[in-house]
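Read through the structure below, which is laid out as structure tokens, and then see the notes.
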Amino acid sequence: MVAVKDADFLNVDAVFCCLPHGTTQEIIAALPKNLKVVDLSADFRLRNTATYEEWYNGPHRAPELQPEAVYGLTELCREEVRAARLVANPGCYPTSIQLPLIPLLKAGLIEKDNIIINSNSGVSGAGRSAKEANLYTEICEGIHPYGITKHRHVPEIEQGLSDAVGSDVTISFTPNLMPMSRGMMSTMFVQRKQGVTVDDLRNHLVERFSDEEFVVVLEKDIAPHTRHVRGSNYCLLNVFEDRIPGRAIIISAIDNLVKGASGQALQNLNLMMGCPENCGLLQQPMFP
């Protein structure tokens with residue numbers, strides 16, 4: 001364990017940056033330019049530095065690096081990640097939401113308006129700092145909505161969805177803290193385009209992710225469960241018919257600490273270093 005200023009980077013090929021938001025930019029700017037960097041903070045996820053300053057309540061301290069940063073949603077940005085020096089690892093909620101929605105928006109199968117998202121996360125998503133709201137007696141035996149309309153992942157999600165359709169997308173997003181240590185489930189309510197069926201949506205996702213190891217569309221009518229991805233880098237998806245005509249329900253499940261953070265970071269670095277993409281990511285599952 002050494003301070004960054006005392007580290008010898010001569011024999012280092014790559015760096016994972018796991019610092020709090022707002023503290024990463026200046027450190028990465030000062031690192032040797034030959035290093036491959038995967039940043040797990042939000043500091044380089046938003047292309048517009050003014051948007052970053054608005055949502056993260058502070059100035060962007062390395063705006064000259066922002067154009068170089070590649071957003072690392074691996075399955076949807078693989079070639080960009082492969083060629084990158086600096087990768088901004090996505091947030092956990094944005095990973096679970098963008099993986100199914102971006103392909104459907106790009107294919108013109110769902111409307112960009114009236115997208116409603118309800119996401120549930122284990123307490124580890126709030127970090128390990130000693131906050132009263134995260135104490136066991138505060139969290140257990142209850143569900144806690146938070147960040148309603150103002151969660152910091154909103155602009156990150158809207159950036160990706162807007163890119164998919166080439167125009168601004170605004171979502172309704174409510175995150176909930178669940179009485180479990182890890183896991184994340186996002187439920188997305190979308191309007192299908194005229195003439196598009198739920199089977200069309202599901203079949204498109206099956207085709208899009210057919211060659212992907214870590215994104216799996218389940219058999220018809222099978223709902224994803226967080227326990228099935230616990231400790232893994234997998235994302236499980238499925239699509240269901242809503243009772244409201246023309247609408248569909250999409251459900252995804254990930255481990256917020258793996259596919260939603262460190263696992264995706266390793267998947268990205270594997271690509272950047274020319275290693276097999278699944279290297280270090282095929283450990284024993286934690287269920288049952």
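The values are calculated or read from the model by the stated rules, or taken from the named source; none is laboratory data. Note that the coordinates shown come from a computational prediction; the quantities given were computed from them, not determined experimentally. Please note: Cβ atoms are built from the backbone with ideal geometry, for glycine as well, and neighbour counts cover all protein chains shown. In case anyone asks, the SASA skips ligands and DNA or RNA and just uses the protein heavy atoms, side chains included. Shrake-Rupley method; radii C 1.70, N 1.55, O 1.52, S 1.80 Å.
If you take every residue apart from SER121 with its C-beta less than 12 Å away from the C-beta of SER121, what net charge results, scoring Lys and Arg +1 and Asp and Glu -1?
Values: positive: ARG182; negative: ASP255.
Value of the local net charge: 0.
With +1 on the Cβ of every Lys and Arg and -1 on the Cβ of every Asp and Glu, and nothing else charged, how large is the dipole of the range 173-288 about its Cα centre, in debye rounded to the nearest 20? Don't skip to the end; give the middle numbers.
Numbers: 11 positive and 12 negative charges, 84 e Å.
With only Lys, Arg, Asp and Glu charged at Cβ, the dipole is about 400 debye.
Just for the chain, what percent of DSSP beta bridges are antiparallel, to the closest 5?
Details: 23 of 42 bridges.
Around 55 percent antiparallel, to the nearest 5.
Return the distance in nm (one decimal) between the two label points of a simple spin-label model at VAL165 and PHE189, each offset 7 Å from Cα along Cα→Cβ.
1.7 nm
Answer rounded, prolate or oblate for the range 135-224, using the Cα gyration tensor with square roots of eigenvalues a ≥ b ≥ c: rounded when a/c is under 1.5, else prolate when a/b is larger than b/c, else oblate. Show your work: numbers first, answer last.
On the way: a/c = 2.20, a/b = 1.42, b/c = 1.55.
Verdict is oblate for the range 135-224.
Filter the trypsin sites (Lys or Arg not before Pro) in the range 234-288 down to the DSSP loop ones having no more than 13 other Cβ atoms within 10 Å, then list what survives. Before the final figure, lay out each step's value.
Numbers: sites: ARG243, ARG247, LYS259; in loops: ARG243.
Taking the range 234-288 and a limit of 13 other Cβ atoms within 10 Å, the loop trypsin sites (Lys or Arg not before Pro) found are ARG243.
Any idea of CYS235's accessible area? Nearest 10 Å², probe 1.4 Å.
About 0 Å², rounded to the nearest 10.
Calculate the spin-label point distance for GLU26 paired with ALA126, positioning each point 7 Å from the Cα along the beta-carbon direction, and give it in nanometres.
About 3.0 nm separates the two model spin labels.
Full extension from LEU135 to GLU207: what is 0.36 nm times the residue separation minus their Cα-Cα distance, to one decimal in nm?
Values: separation 72, 0.36 × 72 = 25.92 nm, distance 4.31 nm.
Length difference between fully extended and current span is 21.6 nm.
Grab the beta carbon distance between MET1 and THR49, set R0 = 45 Å, and tell me the FRET efficiency rounded to 0.05. Write down the numbers at each step before the final one.
Details: r = 32 Å, r/R0 = 0.71.
Computed FRET efficiency for MET1 and THR49 comes out at 0.90.
Enter the accessible area per residue of the chain (Å², integer; probe 1.4 Å; all protein chains in place). Each step should come with its number before you reach the end.
Working: 14060 Å² over 288 residues.
Heavy-atom accessible area per residue stands at 49 Å².
Accessible area of the range 92-255 with a 1.4 Å probe: how many percent of it is carbon plus sulfur?
Values: 3910 of 7770 Å².
It is 50 percent, rounded to a whole number.
Ordering VAL216, VAL38 by accessible area with a probe of 1.4 Å, largest first, what comes out? Let's see the in-between values first.
Values: VAL216 50, VAL38 0 Å².
Listed by decreasing accessible area, they come as VAL216, VAL38.
Note down the net charge around ARG208, summing +1 for each Lys or Arg and -1 for each Asp or Glu among other residues with Cβ under 12 Å from its Cβ.
-2
Gain in length, VAL12 to HIS144, computed as 0.36 nm per residue apart minus the alpha-carbon separation, to one decimal in nm?
43.3 nm
Can you tally the net charge around ARG152? Count Lys and Arg as +1, Asp and Glu as -1, for every other residue whose Cβ sits under 11 Å from the Cβ of ARG152.
Numbers: positive: ARG45, LYS150; negative: GLU54, GLU156.
That works out to 0.
For the range 54-195, what does the alpha-carbon gyration tensor say about shape, rounded, prolate or oblate, given a ≥ b ≥ c as the root eigenvalues, a/c under 1.5 as rounded, and a/b over b/c as prolate?
On the way: a/c = 1.95, a/b = 1.24, b/c = 1.57.
Oblate shape, in that a/c is at least 1.5 and b/c is the bigger or equal ratio.
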